[in-house]
Amino acid sequence: MDQPQNLRGVDIRAEIDRLRKERNAVILAHYYQKPEIQDIADFVGDSLDLSRKAQATDADVIAFCGVRFMAETAKILSPQKTVILPDMDAGCSLEDSCPPEQFAAFRQQHPDAIALTYINCSAAVKALSDVIVTSSSAEKILSQIPKDQPIIFGPDRNLGGYLARKTGRELILWPGVCIVHEAFSETELLKLKAQHPGAPVAAHPECPAVILDHADYVGSTSGILAYAKDFAGDTLIVATEPHIIHQMEKALPNKTFIGAPGADGNCNCNICPYMALNTMEKLYVALRDLQPRIEMDEDLRVRAKKSLDAMLAMASGTVGLGDLGPAKVTGD
């Protein structure tokens, strides 16, 4: 989707506020959105937590500033609401890595296995899964499944590998990765740690094992934010998409937060290109036109919701939290 045209002289922020009221809309922004979008949102947070907060409102419209699978999740939970996404091209490398027809075939190859599937997937893959997990809920859900039960975990092999090492469970991993978290460089991270001796590292479990090996804390985006508030020092190295640092700096102006570097020695390559497609101008146009909107077949929605409901039944208290906790995991 191209940048909207003919907006010269339009006060975008004021128009978004006007349309928010006119449309009875709630604006959601994921932690990986640009600061100006985070600042205008009604709620900022993790994907499932945002969808549940929107579900609890009386809004008629959900404007989800995130990526497509997140907006789909909002539609699954709030079918009566209009769900719009500022740019329908805002996809996800994990979603793209796991086409539903291939995932269905993979399940057929492992007929005795149940599928625990990371929420970063399409509604069609959710419908093919038994239980959806988040980075906050996955370990709690794993602990409730009998140890002799074969488990498929997809689409993130890094999160699945981390959970397998931490819990000792054998998981059948789908080979997907997040391009943002794959971009972190162990060599550059070690250089940064040498420049800031004593500074802890907080990392998202979508990172490869060689990055998690150097982490003092591993957890979801919300968990990393909580750790940023609680750690004793004044400098924290953050190994996840760097736009989360905006919330840290707002809440903790006396602390220093440094984005972990990619292979080129800076964190620019770790900015999610899909999240970056959303802009204030596109949000304004989406609210004005109520397009692009998420449409979903009701049968698909019901089947996808079943796997989300299974997660909430097993670990509802983890939504919006980071309960993976402090961990030092040595991986392969």
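Every condition in (1) open to solvent by 60 Å² or more (accessible area, probe 1.4 Å); (2) in contact with a helix residue (DSSP H, G or I) (Cβ under 6 Å, 6 or more places away or on another chain); (3) at pLDDT below 90 is met by Val329 except one, and the failing one is (1). Taken as a whole, the condition of being hydrophobic (A, V, I, L, M, F, W, C) and surrounded by fewer than 20 Cβ atoms within 10 Å (Cβ to Cβ) applies to Ala56. A residue that is out of contact with any Gly (no Cβ under 9 Å at 6 or more places or on another chain), buried (at least 18 other Cβ atoms within 10 Å of the Cβ) and modelled with pLDDT of 95 or more cannot be found anywhere in the stretch 94-106. If you go through the stretch 203-219 and keep only what is within 13 Å of Val238 (Cβ to Cβ) and under 16 Å from the mean Cα position of the chain (by Cα), you end up with Ala203, His204, Cys207, Val218, Gly219.
If you go through the stretch 60-83 and keep only what is within 20 Å of Lys126 (Cβ to Cβ) and of a type in the set (Val, Ile, Thr), you end up with Ile62, Val67, Thr73, Ile76, Val83. Pairing residues of the stretch 58-75 that are within 20 Å of Met311 (Cβ to Cβ) and touching a residue at least 60 places away in the same chain (Cβ under 8 Å) with residues that are of a type in the set (Phe, Trp, Tyr) and crowded, with 24+ Cβ neighbours inside 10 Å, at Cβ distances under 7 Å and at least 6 apart in sequence or on separate chains, gives Ala71/Phe64; Ala74/Phe64.
Go through the stretch 70-92 and give me each residue that's within 16 Å of the chain's Cα centre (by Cα) and either buried (at least 21 other Cβ atoms within 10 Å of the Cβ) or acidic (Asp, Glu) (or both). Within the stretch 70-92, Met70, Ala71, Glu72, Thr73, Ala74, Leu85, Ala90, Cys92 meet the criteria. Whenever a residue of the stretch 225-236 is free of Cβ contacts under 8 Å to residues at least 40 places away in the same chain, its partners that are part of a helix (DSSP H, G or I) and surrounded by 11 or more Cβ atoms within 10 Å (Cβ to Cβ), lying with C-beta atoms within less than 7 angstrom and at least six residues away or across chains, give the pairs Ala228/Met248; Lys229/Ala251; Leu236/Ala228.
The values are calculated or read from the model by the stated rules, or taken from the named source; none is laboratory data. Please read these numbers as outputs of a predicted model, since none were measured by experiment. Cβ: placed from backbone, ideal geometry, glycine included. Neighbour counts: every protein chain shown. All accessible areas refer to the heavy atoms of the entire protein, side chains included, with ligands and DNA or RNA removed. Shrake-Rupley method; radii C 1.70, N 1.55, O 1.52, S 1.80 Å.
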